[in-house]
Amino acid sequence: DVDSLPPAPSNLLLQHIIIGMMMIAQRHVIVLLCMICTFVCYCDRVIISIAVIHMARDFNWDLLLQGQVLGAFFYGYVLSQVAGAYLAQLYGGKIVLNCAVAGWSLLTVATPVLAKYSLTALIIGRILLGFSEGMAFPVIYHLFSGWVPKSESSRSIVSLNVGTCGGTVLAFVASPWLVEYSGWESVFYVFGWGGIVWCLAWHFMGADKHKPSPKQTLNVQLLAELLRPSPLYAIYFCHFSWNVCLYICVMWLPTYLENQYNLNSKQTWINALPYLVMAPSAMGWGWVVDLWLANSHQSSKRISSNMIRKVATAVGFMGGAVGLMLFCAASTPHVAILLLCGTFFISSLSLCGWEAAKLNALDSSKAGMLQGVSNTISNFAGVIGVPLASYIKEMTDSWEAVWIMCATVWVAAAIVYILFAADNNNDDKSGDYSIVNAVSRKQSSV
């Protein structure tokens, strides 16, 4: 019987090739869609920093009210970091991520309606939007842990970084044009509906690798361990300090350039330039410090990983603080942006210190929860820093005071890390000195 004969070897080979291509295509599609997700996430997060300038004129908001509107996002954002990962374990990453993106996209579309209804409604909407966006990265990391093999983890994390930087740049470049020709409301409509289009694509092409675990319980003991006073708080403080300046720049830079230099709406695209510099700079510094670590561990005059990371943290934060002081003294907006690009270039070196230390600060099985706790604490920088910037400006009638505060926070972070970051035996024994992956992860999770 011919039908009962085994398939020819060539047919078996063809079948294996087809199956292999399908497997490769599936995980690459997941990574691509997640990269686009972070792109959409940052577009929807950043557009209000351009729109708020025009909204303030229409609704007669002073700087303090603008600060409340911009800062409301972070109240929700800090609450959903751990919740997102936990829900992904319970119900699967596909459905949780789709719900999160649909939630923040619809809230983005509804922003003009909420703003015209009342300030309270707008602030509640921004809090809910932040809560939805806060789930994105923990859920994506959950998905990647199943789909992405270890050999592809770095490039997959880097792809998220491309999405976040790309979304920030597009928001700063496209939003002024949309406002100019269609009004500030159009910014929220265009970018919000873009998220809904992503949801449709994810519904048909997204998939879980891990099976949902409805009976999964939160590891309270590990959570308590991470919150107990320890040298980990040096990392937490540095993460918080980094976000203070980053969030103030993202939310207030367009307003600052307009107030300080009368920058017109057609030139606000230059707000995007520092973010084009930051991501590749962090990756470049990562390679430099990786090489230093590798050479040090092969040298007879061995320098501990902890000391190298202290140097990277100190030089990055101290250099960044000097850059901020020069930035606030610039005479023109273009010189100011050039100096801010230089500030982000040198300050991104700090990520090779305190951020990379998370990889080996604890047992590898605890690294994900450590990142979640650190990200939750650090995002209080948005809750506190963004409104505080407007308060300082109102009290002192000076933007320089805001940037001096940011510089002071960075100097404090350098000192705290130098004094309190502890040596970790696991760090030097592990043989894994790759910082690039950690730096990439930081850029995509702010």
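The values are calculated or read from the model by the stated rules, or taken from the named source; none is laboratory data. Model, not experiment: these values are computed from the prediction. A quick note on method: Cβ atoms are made from the backbone with ideal geometry, for glycine too, and the neighbour counts reach across all protein chains shown. What goes into the accessible areas is simple: the full protein's heavy atoms, side chains included, and nothing from ligands, DNA or RNA. Shrake-Rupley method; radii C 1.70, N 1.55, O 1.52, S 1.80 Å.
List of remarks:
- Where helices (runs of 4 or more DSSP H) fall entirely within region 21-127, those with at least 3 residues that are touching a residue at least 60 places away in the same chain (Cβ under 8 Å) and within 27 Å of N271 (Cβ to Cβ) are at 63-77, 93-117.
- I53 under 25 Å from N243 (Cα atoms) and over 20 Å from the mean Cα position of the chain (by Cα): yes
Residues are listed down the side, and each one gets a yes or a no for (1) among the aliphatic types (A, V, I, L, M); (2) open to solvent by less than 80 Å² (accessible area, probe 1.4 Å):
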position: C165; (1), (2): no, yes
position: F172; (1), (2): no, yes
position: W193; (1), (2): no, no
position: A201; (1), (2): yes, yes
position: F204; (1), (2): no, no
position: T217; (1), (2): no, no
position: L223; (1), (2): yes, yes
position: S230; (1), (2): no, yes
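- Remark: D44 matches the filter, which requires a residue to be under 17 Å from S132 (Cα atoms) and of a type in the set (D, E).
- Residue match in region 91-99 (condition: within 15 Å of G195 (Cα to Cα) and buried (at least 23 other Cβ atoms within 10 Å of the Cβ)): yes
- Per-region count, region 106-142, residues open to solvent by less than 50 Å² (accessible area, probe 1.4 Å), closer than 25 Å to A381 by Cβ and of a type in the set (S, T, N, Q): 3
- The requirement of being part of a helix (DSSP H, G or I), in contact (Cβ under 8 Å) with a residue 60 or more places away in the chain, open to solvent by less than 50 Å² (accessible area, probe 1.4 Å) and touching a helix residue (DSSP H, G or I) at 6+ places or on another chain (Cβ under 9 Å) is satisfied by I337.
- Test: A294 is surrounded by 18 or more Cβ atoms within 10 Å (Cβ to Cβ) and either part of a loop (DSSP other than H, G, I, E, B) or not polar (S, T, N, Q) (or both): no
- Filter result for P254 (buried (at least 16 other Cβ atoms within 10 Å of the Cβ) and either among the hydroxyl-bearing types (S, T, Y) or part of a helix (DSSP H, G or I) (or both)): yes
- Residue in region 271-288 that is in contact with a helix residue (DSSP H, G or I) (Cβ under 6 Å, 6 or more places away or on another chain), surrounded by 15 or more Cβ atoms within 10 Å (Cβ to Cβ) and among the hydroxyl-bearing types (S, T, Y) present: yes
Residues are listed down the side, and each one gets a yes or a no for (1) farther than 24 Å from V78 by Cβ; (2) surrounded by fewer than 18 Cβ atoms within 10 Å (Cβ to Cβ); (3) out of contact with any helix residue (DSSP H, G or I) (no Cβ under 8 Å at 6 or more places or on another chain); (4) at pLDDT below 95:
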{"residue": "A357", "(1), (2), (3), (4)": "no, no, no, yes"}
{"residue": "A367", "(1), (2), (3), (4)": "no, yes, no, yes"}
{"residue": "S378", "(1), (2), (3), (4)": "no, no, no, yes"}
{"residue": "T396", "(1), (2), (3), (4)": "yes, yes, yes, yes"}
{"residue": "V409", "(1), (2), (3), (4)": "no, no, no, no"}
{"residue": "F420", "(1), (2), (3), (4)": "no, yes, no, yes"}
{"residue": "D432", "(1), (2), (3), (4)": "yes, yes, no, yes"}
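- Remark: pairs (first residue in region 305-330, within 18 Å of W354 (Cβ to Cβ); second residue open to solvent by 60 Å² or more (accessible area, probe 1.4 Å) and among the acidic types (D, E); Cβ separation under 6 Å; 6+ apart in sequence or on different chains) = N306/D423.
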